[in-house]
Amino acid sequence: FEATSTSQIAKKANVSLGSVYHTFRNKDELLMAVMTPMFKNVFQSSADQFIDQTLGRKYDNFSEFIYSLVEDRINFIDENFKIIKIMAGELLTDQHFTQQIIDIFSKQLFQSAMPTIDQFKKSGEIVDWPNKDILQVIFGPFAVHFGKLVLGIADLSESGKKKEIELASQSIIKALSK
């Protein structure tokens, strides 16, 4: 997106450059007009599905929970890489967009994860750290996977993906298990 000019966008949309500037003050405003509904619809429904199918399930043990979570999120990142990459760029530059992301993830996803984390802390399966620290350990490998995709060094073969899921899962389990 950064390398694309406003005139290229207008040409691709079959509208005049003047029409683009009449509707949007700049390219970033255009991006937000496209991204905000997409984020609210696509990512919100994806978040709801993630909560229902992954966080909402009962797990026999912490390892089962982590393997399920890691597989789900790595697949999500792979399937939505292009849009996540654009969103990551916007997170670095647009405070309004950043706040929208924080609102959705902190209020919905993180709060949905807390009962499961508390269950594993109560059962003595994992360390008794603050939940935000536990979430940091859990979500760290997803940032690493995204970084590998950005740098073009991720092994996208089926065996490579399985290895990535196994390594990420084992890292989290070893870091958090008692």
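The values are calculated or read from the model by the stated rules, or taken from the named source; none is laboratory data. Not measured: the values here are computed from a predicted model. Because the Cβ atoms are built from the backbone with ideal geometry, glycine has one as well, and the counts that use them run over all protein chains shown. In case anyone asks, the SASA skips ligands and DNA or RNA and just uses the protein heavy atoms, side chains included. Shrake-Rupley method; radii C 1.70, N 1.55, O 1.52, S 1.80 Å.
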Practice task
Give me the accessible area of LYS148, 1.4 Å probe, in Å² rounded to the nearest 10.
Solution key: 60
Practice task
Quick one: accessible surface of VAL137, probe radius 1.4 Å, all protein chains present, in square angstrom to the nearest 10.
Solution key: 40
Exercise for the section: Please give the solvent-accessible surface of THR98 in Å², to the nearest 10, using a probe radius of 1.4 Å with every protein chain present. Expected result: 40
Practice task
Match the structure shown to one of the listed values [x] 1.13; [y] 0.98; [z] 1.05 of Rg/Rh (Cα atoms, Kirkwood Rh), computed from it, and give that label.
Solution key: [z]
Completion exercise
Rounded to the nearest 500, the 222 nm mean residue ellipticity computed for the chain from DSSP H runs (n ≥ 4, each -39500 (n - 2.57)) alone is -22500 deg cm²/dmol
Fill in the blank from the handout: Quick tally, 1.4 Å probe accessible area for HIS145, HIS96, sorted with the most first, runs HIS96, HIS145
Problem - List PHE62, PHE76, ordered by accessible area with a 1.4 Å probe, largest first - result: PHE76, PHE62
Fill in the blank from the handout: The alpha-carbon center of the stretch 47-83 and that of the stretch 124-178 are separated, in whole Å, by 12
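Rank these residues by their accessible area, most exposed first, probe 1.4 Å: PHE50, PHE110.
Values: PHE50 5, PHE110 75 Å².
Largest accessible area first, the residues go PHE110, PHE50.
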Practice task
Please go through the residue pairs LYS85/LYS122; LYS12/LYS82; LYS58/LYS178 and name each one whose alpha carbons sit more than 27 Å apart in this structure.
Solution key: LYS85/LYS122
Problem - Spatially proximal aspartates and glutamates relative to LYS163 (Cα-Cα < 15 Å; intrachain offsets below 8 disregarded) - result: GLU71, ASP72, ASP78, ASP155
Practice task
In nm, give the distance between the simple-model label positions of GLU158 and LEU135, each being 7 Å from the Cα along the Cα-to-Cβ direction.
Solution key: 3.6
Fill in the blank from the handout: Expected unfolding gain across LYS27-ILE101 under the 0.36 nm per residue rule, minus the alpha-carbon gap, is 24.6 nm
Practice task
Identify the GluC sites (Glu not before Pro) of the stretch 70-176 meeting these criteria: DSSP loop state and at most 15 other C-beta atoms within 10 Å of the C-beta.
Solution key: none
